[in-house]
Amino acid sequence: MTIVEDNRHLRGALLPILHALQEEFGYIDEQAIPLLATELNLSRADVHGVVSFYHEFRREKPGRHIIKVCRAEACQSMGANALVDHIKKRLQVDFHGTTADGAFTLEPVFCLGNCALSPAVMIDENLHGRVSPDRFDELAAETRANPTAHNQIPRALSHKDSHKGHAQ
Amino acid sequence: MSGHLITVFVPRDSAALSVGADAVAAAIRAEAAKRDLPLRIVRNGSRGMLYLEPLVEVETPEGRVAYGPVTPADVPGLFDAGFLTGGDHALGHGLTEEIPYFKKQERLTFARCGIIDPLSVEDYRAHGGFRGLENALAMSQAEIVKVVTDSGLRGRGGAGFPTGIKWNTVMQAKADEKFVCCNADEGDSGTFADRMIIEGDPFCLIEGMTIAAIAVGATSGYVYMRSEYPHATAILRHAIKLAYDEGWLGDNIHGTDRTFHLDVRVGAGAYICGEETAMLESLEGKRGMVRAKPPLPALEGLFGKPTVVNNVLSLCSVPIILDKGGEYYRDFGVGRSRGTLPFQLAGNIKNGGIVEKAFGITLHELLYEYGGGTITGRPIRAVQVGGPLGAYLPPSQFDLPKDYEAFAAQEAMVGHGGIVVFDDSVDMAQQARFAMEFCVAESCGKCTPCRIGSTRGMETLDKIIAGKNVDANLELLADLCDVMVDGSLCAMGGMTPYPVRSAVKHFPEDFRKKAPAVRVTHIAAE
């Protein structure tokens, strides 16, 4: 539980810990819930309540890559609904499903902040704009062909790389 | 040009990256090496002309010259055309600052965005950065609050509450500890200004928050980021570390007795956490459930302590106000809407991007003079202003001036300045249904009108769309909207009816596609 030790000093530590767990394992395992409750002096219901409240936290192991498709209004205005239909058909999965080969997990998202270049898709932490169905197929093929491809930016959601000198 | 290293700017803004800016930067570096031309590439923020991204700029004695949108395949041709000295090319736009879209803007909050290297303190200072904070460090708390009050700055997150009054409440509260929290949970579709300024000018936010902290007597602060913004989060964390290294954050800021510690926290995909009390719950590590007000967060906020909660754009407007004075800022704008707002043109729009203008500009100017109409070339049928809880407006209302009060009178809101454009292929009944569906997915569940009302609203709209008892169901929907508006605890349930009602009001024909109007007033809705 070094993840807990690394974050225990933070106020409101549960969310940073859950992000760190999900970065490490790809999801929040059921077994983590009683452990976190004990470590943080919370009830299991408290921890379960937080994990289940937030859309970002996954409860099952995902595929090797996460595909997030924006479903919000700006993307709708540029054909996001048709893009979603195309992706579901192409990958043969519904939202929150993982492809048979374990390559992709498909998730819906409400706004990626790329609303002037809609429709938007995020693959792992790479944002893509003006994604037509054909462009999606190219991106999926590139990602599948290059399994080690990761974004050039560091994974940023957990707390591990941030400045710690001031932590309380 | 011997002895002078040419500087080329290729943005690192997420939107630019989403259309290939990294590959363009790599292609420029490779081509320069091949031709043995030494050059320096700066990864700046975006200038906000997102329709031109990736927008490459070259520093010349006359100023920065723009080329875009550039693909890697265009790069050898740009070198052949002599773009390093501002040579003509089909993708050339001349001097960046002379491009009409940019030139006509009034950039106060976004003054540095896209110009500087976002992770260079030196660059930030060279462009006026930290001057506001230096002034604030020499002022009393009450003097700082007065300058902000005098500026007329109102909360840019949506509600438009006067920032100076909020700060004054926190300043006067007595407590052993106070906080400044920045709401960077920019979840509204059609908005991206928070993300852009954090990626393009992160020190501006750090400076604004530090000034707020000094003004109210807070020693700690948090920026609440979205998990959908990993790139902005990484840049902000890096900038905070640099600010600590240079003595702009931490104990004894620049040799004074002031202290401010700043940290980043990341949400987890819950739209409701953009509501300030839900955000505070989330920062405390809990479910993002809305709190009843009072108590106001200004008196009992984070961990029960007095807390300033401001939006990114509000806090990023503070440095220039402290630098140039409250009057300077107040001189922009109309009525009770002072200063500027970075409007965001989004969705089906030809020239999407950031347009920072003083309040009072009309939707028509924004949509046609800046936006250039739709990208599909079809007529604009509706625009949604102020996010998923904002009204849909038809072209007959495009002359409305952008001003908090003028918009509120139409049940619309300026909100965070996002404008989403739809052409005439849009089905407004489906958009109304989506508003309810979104509320079903994102309601925190604390109050009944929002939690249950949204589900019933979606079901009722499904019946209307299917042509079942349309009149009776529209009446039922109107009643339900009244209950949600009047009975919800926060804006989530309280404003979800705005897009629904406005769609029914302005686009009634879309709700009667399946069935002709039949009077069924005596029959209860199914």
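Would you pull out the residues with amide H under 5 Å of B:I41's amide H, same chain only if 5 or more places away, H placed 1.01 Å from N?
B:V8
Could you give me the ³J(HN,Hα) list for the stretch B:383-397, computed from phi with Karplus coefficients 6.51, -1.76, 1.60 and θ = phi - 60°, whole Hz, x at Gly and Pro?
10, 9, 10, x, x, x, 9, x, 6, 8, 10, x, x, 5, 9
With a Cα-only, solvent-free Debye model of the stretch B:168-237, what are the log10 I(q)/I(0) values at q = 0.21 Å⁻¹?
So the normalised log intensities are -0.88.
If the cut-off is 15 Å between C-alpha atoms, which aspartates and glutamates fall inside it for B:K305, apart from same-chain ones fewer than 8 positions away?
Cross-link targets: B:D176, B:E177, B:E276, B:E281, B:E284.
For the stretch B:248-317 and the stretch B:497-512, what is the separation of their Cα centres, given in Å?
Computed from Cα coordinates, the inter-centre distance equals 37 Å.
Can you give the convex hull volume of the alpha carbon atoms of the stretch B:6-104 per residue, in Å³?
For the stretch B:6-104, the hull spanned by Cα atoms encloses 83 Å³ per residue.
Computed on alpha carbon atoms, what radius of gyration and Dmax characterise chain B, expressed in Å?
24.3, 87
So if R0 is 56 Å, what FRET efficiency would A:L40 and A:A141 give, r being the distance between their Cβ atoms, rounded to the nearest 0.05?
E(calc), rounded to 0.05, equals 0.85.
At q = 0.10, 0.17, 0.18, 0.19 Å⁻¹, what log₁₀ I(q)/I(0) does the stretch B:403-503 have when each alpha carbon counts as one equal point scatterer in the Debye sum?
-0.27, -0.78, -0.87, -0.96
What does the charge add up to near A:Q22, with Lys and Arg as +1, Asp and Glu as -1, over the other residues with Cβ less than 9 Å from its Cβ?
Within the 9 Å Cβ shell, the charges total -2.
Using per-residue counts of other Cβ atoms within 10 Å, averaged over each peptide, order B:60-67, B:342-349 from highest down.
In descending order of packing, they fall as B:342-349, B:60-67.
Which ordering of A:Y54, B:Y329 is given by a fewest-first count of other beta-carbon atoms within 10 Å?
Listing A:Y54, B:Y329 from fewest to most nearby Cβ atoms yields A:Y54, B:Y329.
Restricting the calculation to Cα positions, tell me the Rg (one decimal) and the Dmax (whole number) of chain A in Å.
Computed over the Cα atoms of chain A, radius of gyration and Dmax are 17.6, 51 Å.
So which lysines pass the test for B:K104, namely a Cα distance under 27 Å, with those fewer than 8 places away in the same chain ruled out?
Reachable lysines: B:K324, B:K350, B:K357, B:K402.
As I understand it, the dipole of the protein assembly as shown uses +1 on the Cβ of Lys and Arg and -1 on the Cβ of Asp and Glu, about the Cα centre. Which of B:F110, A:G97, B:A25 lies farthest toward its positive end?
Positive-most Cα among the choices belongs to A:G97.
If you bin the C-alpha pair distances of the stretch B:347-412 every 5 Å from 0, what whole percents do you get?
4, 16, 29, 28, 18, 4, 1
Dipole size in debye (nearest 20) for chain B around its Cα centre, Lys and Arg Cβ +1, Asp and Glu Cβ -1?
780 debye
Summarise the partner chain shielding of B:276-287 as one whole number: the mean count of Cβ atoms from other chains within 10 Å of each residue's Cβ.
Going residue by residue through B:276-287 and averaging, the value is 4.
About the Cα centre of the stretch B:333-423, how large is the charge dipole given +1 on each Lys and Arg Cβ and -1 on each Asp and Glu Cβ? Please answer in debye to the nearest 20.
Result for the stretch B:333-423 is approximately 120 debye, rounded to the nearest 20.
Report, ordered by chain and residue number, the aspartates and glutamates lying within cross-link reach of B:K505, taken as a straight Cα distance under 15 Å and ignoring same-chain residues fewer than 8 apart.
List returned: B:E411, B:D427, B:D471, B:E475, B:D479, B:D482.
In which sequence would A:V69, A:V131, B:V420 go, from the one with the fewest C-beta neighbours within 10 Å to the one with the most?
Starting with the residue having the fewest Cβ neighbours, the order is A:V69, A:V131, B:V420.
Calculate the dipole size of the stretch B:428-511 relative to its Cα centre from +1 charges on Lys and Arg beta carbons and -1 charges on Asp and Glu beta carbons; express the result in debye to the nearest 20.
My answer is approximately 200 debye.
Taking a ≥ b ≥ c as the square roots of the Cα gyration tensor eigenvalues, with a/c under 1.5 meaning rounded and otherwise prolate when a/b beats b/c, else oblate, which class fits the stretch A:1-54?
Rounded.
So what are the ³J(HN,Hα) numbers for the stretch B:143-152, from phi and the Karplus equation (6.51, -1.76, 1.60; θ = phi - 60°), rounded to whole Hz, Gly and Pro as x?
5, 5, 4, 5, 4, 5, 4, 4, 5, x
Restricting to bridges with both residues inside chain A, how much of the DSSP beta-bridge set is antiparallel, in percent to the nearest 5?
Of all bridge pairs located within chain A, approximately 55 percent are antiparallel.
Could you work out the mean count of beta carbons from other protein chains within 10 Å of each residue's beta carbon in B:184-193?
5
For peptide B:218-230, how many partner chain Cβ atoms fall within 10 Å of a residue's Cβ, on average?
What the average comes to for B:218-230 is 4.
Considering every pair of different Cα atoms, what Kirkwood radius, in Å, is found for the protein assembly as shown?
Kirkwood radius, the protein assembly as shown: 25.9 Å.
What residue among B:I165, B:A429, B:T340 has its Cα farthest toward the positive end of the dipole of chain B, where the charges are +1 on Lys, Arg and -1 on Asp, Glu, each on the Cβ?
Ranked along the dipole, the leading option is B:A429.
Using θ = phi - 60° and the Karplus form 6.51 cos²θ - 1.76 cosθ + 1.60, what ³J(HN,Hα) does each residue of the stretch A:5-21 get, whole Hz, x for Gly and Pro?
Each residue of the stretch A:5-21 in turn: 4, 5, 10, 4, 5, 6, 6, x, 6, 4, 5, x, 5, 5, 4, 5, 4 Hz.
Is it possible to state the helix-based mean residue ellipticity at 222 nm for the protein assembly as shown, with each DSSP H run of 4+ residues giving -39500 (n - 2.57), the sum divided by total residues, to the nearest 500 deg cm²/dmol? What is it?
When only DSSP H runs of four or more count, the value is -11000 deg cm²/dmol.
Putting +1 on Lys and Arg Cβ atoms and -1 on Asp and Glu Cβ atoms, find which of B:Y124, B:P38, B:G377 reaches farthest to the positive end of the dipole of chain B.
Final value for the positive-end residue is B:G377.
Quick one: which residues, 5+ away or cross-chain, put their amide H under 5 Å from the amide H of B:V290? H built at 1.01 Å from N.
B:K446
Order by neighbour count: A:C115, B:C447, B:C181, B:C273, fewest other Cβ atoms within 10 Å first, most last.
Fewest-to-most ranking of A:C115, B:C447, B:C181, B:C273: B:C447, B:C181, B:C273, A:C115.
Could you order the peptides B:184-193, B:216-225 from most to least packed, using the average number of other C-beta atoms within 10 Å per residue?
Per-residue Cβ counts within 10 Å, averaged per peptide and sorted highest first, yield B:184-193, B:216-225.
State the Cα centre-to-centre distance between the stretch B:121-183 and the stretch B:401-424 in whole Å.
Measuring centre to centre over Cα atoms gives 27 Å.
For the stretch B:487-516, list residues with backbone N below 14 Å from a point placed 7 Å from the Cα of B:T455 toward its Cβ?
Under 14 Å, as judged by backbone N against the label point of B:T455, lies no residue of the stretch B:487-516.
The numbers here are math on the coordinates, done by the rules we state, and not lab data. Predicted model, so just to flag it, every value in this text is computed and none were measured. Neighbour counts are summed over all protein chains in view; Cβ atoms, including those assigned to glycine, are modelled from backbone coordinates with ideal geometry.
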